[in-house]
1. Go through the range 106-156 and count every residue that is surrounded by fewer than 17 Cβ atoms within 10 Å (Cβ to Cβ) and among the basic types (K, R).
2. So how many residues does the range 28-49 have that are farther than 23 Å from V114 by Cα and either of a type in the set (A, V, I, L, M) or in contact with a Phe, Trp or Tyr (Cβ under 7 Å, 6 or more places away or on another chain) (or both)?
3. Which number in (1) among the hydrophobic types (A, V, I, L, M, F, W, C); (2) over 22 Å from V158 (Cα atoms); (3) touching a residue at least 12 places away in the same chain (Cβ under 8 Å) marks the one condition that V114 misses?
4. Check G87 against each of (1) of a type outside the set (A, V, I, L, M, F, W, C); (2) under 17 Å from L160 (Cβ atoms); (3) assigned to a helix (DSSP H, G or I) and name the one condition it does not meet.
5. Residue by residue through the range 161-178, note down the ones that are in contact (Cβ under 8 Å) with a residue 12 or more places away in the chain, surrounded by fewer than 19 Cβ atoms within 10 Å (Cβ to Cβ) and not small (G, A, S).
6. Enumerate the pairs (first residue in the range 224-250 and over 24 Å from S207 (Cα atoms) and assigned to a loop (DSSP other than H, G, I, E, B); second residue anywhere and at pLDDT below 95 and not hydrophobic (A, V, I, L, M, F, W, C)) with beta-carbon separation below 7 Å, excluding pairs fewer than 6 apart on the same chain, so at least 6 apart or on different chains.
7. Given the condition touching a residue at least 12 places away in the same chain (Cβ under 8 Å), surrounded by fewer than 23 Cβ atoms within 10 Å (Cβ to Cβ) and part of a strand (DSSP E or B), answer yes or no: does some residue in the range 4-26 qualify?
Amino acid sequence: MAKLEDRRALITGGASGIGLATAQRFVDEGAAVTIVDFNEKAGKQAAGELGVEFVRADASDPIQVAEAFREAGQAMGGIDIAYMNAGVTTQQPEFTELTEQQYFRILNINVNGVVFGVREAIKAMTPGGGSILATASLAGLIAYAGDPIYALTKHAVVGLVRGLGLTLPEQGITINAICPGITETPLVGEEAVNMLKAANFPLIPPSAIADACVVAITSGRSGDCWCIQPGREPTRYEFRGVPGPRLSGAEGKVPPGVPQIS
């Protein structure tokens with residue numbers, strides 16, 4: 001049996017790059033799929049080629065996101081997997097020249113789009129349960145000077161996933177973040193891809209990210225960040241703990257999940 005047999009998946013940003021590769025992988029693994037994308041032409045073409053559903057929606061618009069989940073759930077008979085993958089960069093290397101338009105655009109898509117999508121996914125998966133994924137980045141785990149605002153948005157995704165990962169399993173829902181290194185997608189840009197290839201820098205094929213999505217979904221874990229680097233299997237990122245409060249018995253107890261220094 002395929003790993004995702006009879007599962008029903010919604011993927012934002014599914015018309016190209018990582019989203020398209022993941023849609024193909026999910027179909028190969030037996031899932032029904034609905035692609036959600038702002039690009040109607042590319043979305044319809046991809047859906048036609050894969051034999052899946054397509055819904056046009058702006059990931060940054062909560063009303064459109066809610067409608068996309070409603071349409072997808074109606075078309076597939078429910079939603080078991082939701083992958084919030086849509087994302088952009090600022091395309092602004094000079095921080096002092098960052099415009100408000102660039103700033104709010106990336107926040108709306110990379111952060112608000114994930115928040116709105118996760119909110120609707122939880123509603124759609126209650127009470128039956130399911131799996132939620134979000135595309136973060138290695139830039140959400142490490143310092144990234146190339147686009148600090150992009151890194152800011154991906155750190156936000158990591159924080160949301162880790163927080164919800166503690167509570168959603170109580171509802172039968174897992175949530176995980178996919179954290180790729182530099183992947184050969186339209187988001188990187190043709191010029192940058194050519195430059196990296198000329199320097200023999202190993203780029204990650206989108207299919208490897210799709211593989212990691214299947215690993216995360218079938219792991220049964222929640223709140224994890226799955227790192228993807230060229231030539232390596234998807235790996236859970238091990239976060240280091242932070243020093244907790246130094247409490248004596250008379251001062252009370254440390255709440256569950258909070259580390260304590262003895």
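1. Count: 2.
2. 0
3. (2)
4. So G87 meets the others, but not (3).
5. Of everything in the range 161-178, those that are in contact (Cβ under 8 Å) with a residue 12 or more places away in the chain, surrounded by fewer than 19 Cβ atoms within 10 Å (Cβ to Cβ) and not small (G, A, S) turn out to be R162, L166, P169, Q171.
6. The qualifying pairs are G241/P259; V242/P259; G244/P259; G244/Q260; P245/Q260; L247/Q260.
7. Within the range 4-26, not a single residue is touching a residue at least 12 places away in the same chain (Cβ under 8 Å), surrounded by fewer than 23 Cβ atoms within 10 Å (Cβ to Cβ) and part of a strand (DSSP E or B).
The values are calculated or read from the model by the stated rules, or taken from the named source; none is laboratory data. Remember, it's a predicted structure, so these values are computed and weren't measured experimentally. So basically every Cβ, Gly included, is an ideal-geometry build from the backbone, and we count neighbours across all protein chains shown.
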